[in-house]
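Each remark here refers to the structure printed beneath this line.
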Amino acid sequence: MYKQLSLVFLGAVLAACGGDTEEVSQAQNRGVTDEEITLGVYTDLSGPTAIWGVGATNAARMRFEEVNAAGGVHGRQIRYVVEDTSYQVPKAMSAANKLVNRDNVLAMLLAVGTPLNNAIMPMLFENNVPNLFPISGGRQMVEPFHPLKFTQRGIYYDEVRATVNYFVEQRAKTTPCVIYQDTDYGVEILEGAQDQAKAMGLAIAEISAHKPTDTEFTAAILRLKNANCDLVLMGTVHRDTILVLDAARKMGWSGVDWVGNNAVYAQVIADQESGEGFYSFVHMAKLYADDEMSPDVKAWWDSYVEKYDVEPGLAAMEGYRGADLTVAALDKAGPDLTTESLVKALESITDYTDIFGYRVSFGPDKHSGATESVLSQVKDGRWVTLEQAITY
């Protein structure tokens, strides 16, 4: 009886509004109206990883503005709502709550930070919000498998295992050590190093952990030096990387290879005197203004410089690709856009190559787009690619 009355009432409402059930469903779909698609991001614009947050956000906005100027996606404009976290979990929780419950975003795109993503993903998934292409290489970005998790970058754990394998086999290193910040991100580096060392019959000779806010590393470097480390895997970001390398240089410690990953692959490291010779495993290599570029890349580079008055770094490359992948998926999803159709569209992108020449692929059971690493080293103040397609 109540069910029948409810159906009669719904029919009356639809008739009064001149609509149908399809229109009601569309009106109720998260982040999608007839005119607009709302995407969001909680990111670091003012904290220790702001290089990543600002660069990725700027490039994503640029891509969306290009699309909007050309008429949008299936007639809808893309609205990208950005909230600053300063790389603090409480601020990120507040920002994500606003984006999900007030801005009603369809998806989160390019959120910075392993600890922040780990804290917020449960809330996203409870609300059926996909976490697309986070600026993090933590395994939790893709493991355990979840239909709403997608990443376009390398996984820190895999990069560190590739690092140990490469430096032991190709550079005859025998005494690996680890220095890392005691966060979810840092633990990924430690576990990758330990697992690969064990697989190769080695032991991690020394381990040093620190807080992200620590600034004094003399004692830590002395401990590593006394362990005769010839390879140091670094679970650090920009500031603590520089401080660690400066401490080692002041101590006069040489004959050791220092190796980082995506989290420290920035020009600010290459600009330091102590950064000379530093290695990093990454998923795409940084560009410089005097590099040979394809017409598409040159046009992108010039547009970015004109718009933001700064050269684009790796963060901008990653942000632009993440936005472009999202646009491709929105287009594939068709005019009847829902969370489910967006996920299926992303899974159908099996042979995508970005304007920089890097390939990314997904599938129903594969939401991690990149599978290989590039080895780069600082030489004369700039990053130089040494090897391509490295795995373990």
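Values in this text are rule-based calculations from the coordinates and carry no lab data. Remember, predicted model here, so these are calculated numbers, not experimental data. Virtual Cβ from ideal backbone geometry, glycine too; neighbours counted across all protein chains shown.
Between the alpha-carbon centres of the range 317-355 and the range 158-210 there is a gap of 35 Å. Among 70-81, 252-263, 110-121, sorting by the average number of other beta carbon atoms lying within 10 angstrom of each residue, highest first, gives 110-121, 252-263, 70-81. Express as a percent, rounded to the nearest 5, the fraction of DSSP beta bridges in the chain (both residues included) that run antiparallel. Given both bridge residues lie in the chain, the antiparallel proportion sits at roughly 35 percent.
For the pair Thr215 and Ala70 in one chain, pulling the backbone fully straight at 0.36 nm per residue adds 47.4 nm over the alpha carbon distance.
In a simple Cβ point-charge model (Lys, Arg +1; Asp, Glu -1; nothing else charged), the range 140-226 has a dipole of about 260 debye relative to its Cα centre. Relative to the dominant Cα principal axis of the chain, helix 238-251 is inclined by about 0°. Taking the Cα centre of the range 38-101 as origin and assigning +1 to Lys and Arg Cβ atoms and -1 to Asp and Glu Cβ atoms, the resulting dipole is close to 160 debye.
Across the range 22-126, C-alpha contacts under 8 Å between residues 6 or more apart give a mean separation that, scaled by the residue count, equals a relative contact order of 38 percent. Counted over the range 34-170, the DSSP beta bridges are approximately 5% antiparallel.
Projecting the Cα atoms of Ile269, Thr236, Gly154 onto the charge dipole of the chain, computed from C-beta unit charges around the Cα centre, puts Thr236 farthest toward the positive end.
Computed from point charges on the beta carbon alone (+1 for Lys and Arg, -1 for Asp and Glu), the dipole magnitude for the chain about its Cα centre is near 760 Debye.
Angle of helix 89-101 to the longest C-alpha principal axis of the chain, folded into 0 to 90 degrees and rounded to 10: 20°.
Taking the chain as the reference, fit the longest principal axis to its C-alpha atoms, fit the long axis of helix 295-308 to the helix C-alpha atoms, and give the angle between the two in degrees, 0 to 90, nearest 10. For 295-308 against the chain, the angle is about 90 degrees. Rounded, prolate or oblate for the range 77-138? Axes are the square roots of the Cα gyration tensor eigenvalues, ordered a ≥ b ≥ c, and the cut-off for rounded is a/c under 1.5. In terms of gyration-tensor shape, rounded.
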